[in-house]
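Chemist: Take this structure first; my questions come after.
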Amino acid sequence: LRAEAAEQRLPEALRSGSALATLRASLTPHSVAFRHAVRCALTLTLAMLAARLLHLPHGYWLPMTAAIVLRPDFAATFSFGLLRVVGTILGLVLTTALLHFTPAEPWAHLVLMALLCMAFRYLATAHYGIAVAALTGTVVILLSFEGVNSGAAVSDRVVNTVLGSGLALLAYLVWPTW
């Protein structure tokens with residue numbers, strides 16, 4: 001209560017709830033938000049450059065993964081990166097196996113895709129790795145409707161996911177925020 005009363009005597013631009021004060025505090029290299037923004041910008045630039053220079057099939061997965069995995073702190077980035085890689089590989093392997101054993105009919109693939117979508121929706125808040133596996137399976141099935149071989153999708157997605165997660169972690173090794 002004393003702190004609030006003392007803060008009320010300050011000009012509005014200097015109060016902690018002030019948008020201007022928050023913006024001013026965030027625009028310094030010592031700010032976690034500033035460092036994260038710079039880290040994201042540089043990491044995504046490198047990811048796009050790597051995807052273009054290496055001519056990666058479905059190369060958009062590389063910067064997408066880096067953007068999803070990169071968090072303001074190392075522990076969350078490491079955790080999300082690990083769960084992203086494991087969930088992606090698990091989803092690719094399981095969905096490829098399921099597609100192999102289900103009838104090669106569009107209705108069967110749609111039913112499987114609906115089940116994976118529901119699994120993603122209900123598991124996204126419970127466990128990120130399992131949710132990623134379900135989402136990855138959905139993507140594999142969607143690509144199969146476009147004629148993309150699930151085996152090709154598996155290798156392309158794994159390469160891009162590992163590279164994107166690796167870039168996010170490398171960004172923390174270069175400029176850490178612990």
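Every number here is computed from the coordinates shown, using simple stated rules; none is lab data. Just so it is clear, the structure is predicted and the values come from calculations on it, not from any experiment. We place every Cβ from the backbone using ideal geometry, glycine too, and count neighbours over all the protein chains shown.
Chemist: Using helices alone, what [θ] at 222 nm do you get for the chain, with -39,500 (n - 2.57) per DSSP H run of 4 or more residues, divided over all residues and rounded to the nearest 500?
Modeler: On the way: 8 runs with 135 residues, N = 178.
Taking each H run of at least 4 residues, the total per residue is -25500 deg cm²/dmol.
Chemist: Taking each full run of DSSP H in the chain as one helix, which ones are at least 20 Å long along their axis (Cα atoms) and have mean Kyte-Doolittle hydropathy of at least 1.0? Write out the running numbers ahead of the final one.
Modeler: Working: long enough: 32-53 (31 Å, 1.24); 74-101 (40 Å, 1.71); 106-123 (25 Å, 1.46); 128-145 (26 Å, 2.05); 150-174 (35 Å, 1.20).
Membrane-span-like by this rule: 32-53, 74-101, 106-123, 128-145, 150-174.
Chemist: A further question follows. By how many nm would the segment from Ala33 to Leu20 lengthen if fully extended, with 0.36 nm per residue of separation less the alpha-carbon distance?
Modeler: On the way: separation 13, 0.36 × 13 = 4.68 nm, distance 1.48 nm.
Net length gain for the segment: 3.2 nm.
Chemist: Another question about this same structure. Please say if the range 100-178 is rounded, prolate or oblate, where rounded means a/c under 1.5 for a ≥ b ≥ c the square roots of the C-alpha gyration tensor eigenvalues, and otherwise the choice is prolate for a/b larger than b/c and oblate otherwise?
Modeler: Numbers: a/c = 4.28, a/b = 1.76, b/c = 2.42.
Because a/c hits 1.5 or more and a/b fails to exceed b/c, the range 100-178 counts as oblate.
Chemist: Among [x] 18.0; [y] 20.5; [z] 18.5, which one is Kirkwood radius over Cα pairs in Å computed from these coordinates?
Modeler: [z]
Chemist: Evaluate the distance, in nm, between pseudo-label points positioned 7 Å from the Cα of Val86 and of Leu170 along their respective Cα→Cβ axes.
Modeler: Label-label distance for Val86 and Leu170, simple model: 2.4 nm.
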